[in-house]
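Reviewing the structure listed below.
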Amino acid sequence: MKRIIALVLAALMLIGMTACASKNDSESDMAYIKDKGTMIVGITDYAPMNYKDDSGEWIGFDTELTLAVAEKLGVEVEFIEISWDNKEFELDAKSIDCVWNGMTLTDGVKEAMETSEAYLTNAQVVVMSADAVANYTTIESLADLTFAAEAGSAGEAALKDNNLNCTAVSTQANALLEVAAGSVDACVIDSVMAGAMTGAGTSYEDLGIGIALVAEEEYGIGFRKGSDMAAEVDAIIAELEAEGVVAEIAEKYNLTNSLIAG
């Protein structure tokens, strides 16, 4: 009798576990995020999109837009710095809920993630000593130079596509540091970052922007494949555009010209 009761209890437990698993598997990504009350956002330190102010708080265009979207979703935001090369893994492992950090909508990204509509335009540009920019006006002229680029970035891909010497580093900020330190001749980073970080009155006054390896690309937000969050965030951003919030944030970070009209 005890053996029969034990078997019945085991069967009931198995049925319960299966039912719970089925419920979790079928739960929408948006429901999952809303249930826990926090959207975990994977970022890197990348001005003017996500970076820290003097008090150590995250600021930037993407930071403020994320917070505005989260307010409408009714959830809190937790920003986590990730290795850009591992962003797809972090999403799938649910270590983060989205990638929102000036991410280029490449074919690879679209295949690996559920992505939002594009919200900003960008390019991949060469950054080097301002005195040297005029000497390198074609891709062919760059052949003998050494470059740094963020691992897993569109900049790294552009260098590889053009068979140029590339050293992968952890962030775009580190790529700039490598150039400033003289460890490499140049780097390839997003034009949005290059415009904010180089030239007179910036952190890298002696560096200048050279030619573009990718003339035009678009930024988007990445969620887990099949997630219903992408469409929901698109709808919320459209609301924020209509309310003038997106343009206001863009103006604050000098990105008005990069905005894609909704």
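Find how much the distance from Asn135 to Glu27 grows on full extension, using 0.36 nm per residue of separation minus their present alpha carbon separation; answer in nm with one decimal. Could the numbers behind the result be given before it?
Details: separation 108, 0.36 × 108 = 38.88 nm, distance 5.66 nm.
Here the answer is 33.2 nm.
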Output the peptides 104-115, 58-69, 128-139 sorted from most to least packed, where packing is the average of other Cβ atoms within 10 Å over each peptide's residues. 58-69, 104-115, 128-139
For every helix of n ≥ 4 consecutive DSSP H residues, a contribution of -39,500 (n - 2.57) applies; sum these over the chain, divide by its total residues, and give [θ] at 222 nm rounded to the nearest 500 deg cm²/dmol. -12000 deg cm²/dmol
Rolling a 1.4 angstrom probe over the protein heavy atoms, how many square angstrom per residue are accessible across the chain? 50
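Can you compute the charge dipole magnitude of the chain about its Cα centre, using +1 on each Lys and Arg Cβ and -1 on each Asp and Glu Cβ, nothing else charged? Give it in debye, rounded to the nearest 20. Please list the in-between numbers first.
Values: 14 positive and 45 negative charges, 270 e Å.
That gives a dipole near 1300 debye.
If you roll a 1.4 angstrom probe over the protein chains with everything in place, what fraction of the accessible area of the chain belongs to carbon and sulfur, to the nearest %?
On the way: 6570 of 13060 Å².
Here carbon and sulfur together make up 50 percent of the probe-accessible area.
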Excluding residues fewer than 8 positions from Lys225 in its own chain, the lysines with Cα under 24 Å of it are Lys23, Lys34, Lys36, Lys72, Lys87, Lys94, Lys110
Per-residue HN-Hα couplings for the range 50-59 [Karplus 6.51, -1.76, 1.60; θ = phi - 60°; Hz; x = Gly/Pro]: 9, 7, 9, 7, 4, 8, x, 8, 6, 9
Please give the contour-minus-distance gain from Asp92 to Glu117: 0.36 nm per residue of separation, less the Cα-Cα distance, rounded to one decimal in nm. 7.0 nm
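Quote to one decimal, in nm, the extra length available between Glu241 and Asp144 on full extension: 0.36 nm per residue of separation minus the C-alpha distance between them.
On the way: separation 97, 0.36 × 97 = 34.92 nm, distance 4.50 nm.
Difference between extended and current length: 30.4 nm.
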Can you tell which of Ala238, Ala186, Ala31 shows the greatest fluctuation in a Gaussian network model of the chain with Cα springs below 10 Å? Ala31
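For every other residue with a beta carbon closer than 15 angstrom to the beta carbon of Asn135, add +1 if it is Lys or Arg and -1 if Asp or Glu, then tell me the sum. Before the final figure, lay out each step's value.
Details: positive: none; negative: Asp131, Glu140, Asp144, Asp185.
For residues surrounding Asn135, the net value is -4.
The values are calculated or read from the model by the stated rules, or taken from the named source; none is laboratory data. Keep in mind it's a predicted model, so treat the numbers as computed, not measured. Every residue, glycine as well, gets a Cβ built from its backbone with ideal geometry; the counts of neighbours run over all protein chains shown. Side chains included, ligands, DNA and RNA excluded: accessible areas come from the protein's heavy atoms. Shrake-Rupley method; radii C 1.70, N 1.55, O 1.52, S 1.80 Å.
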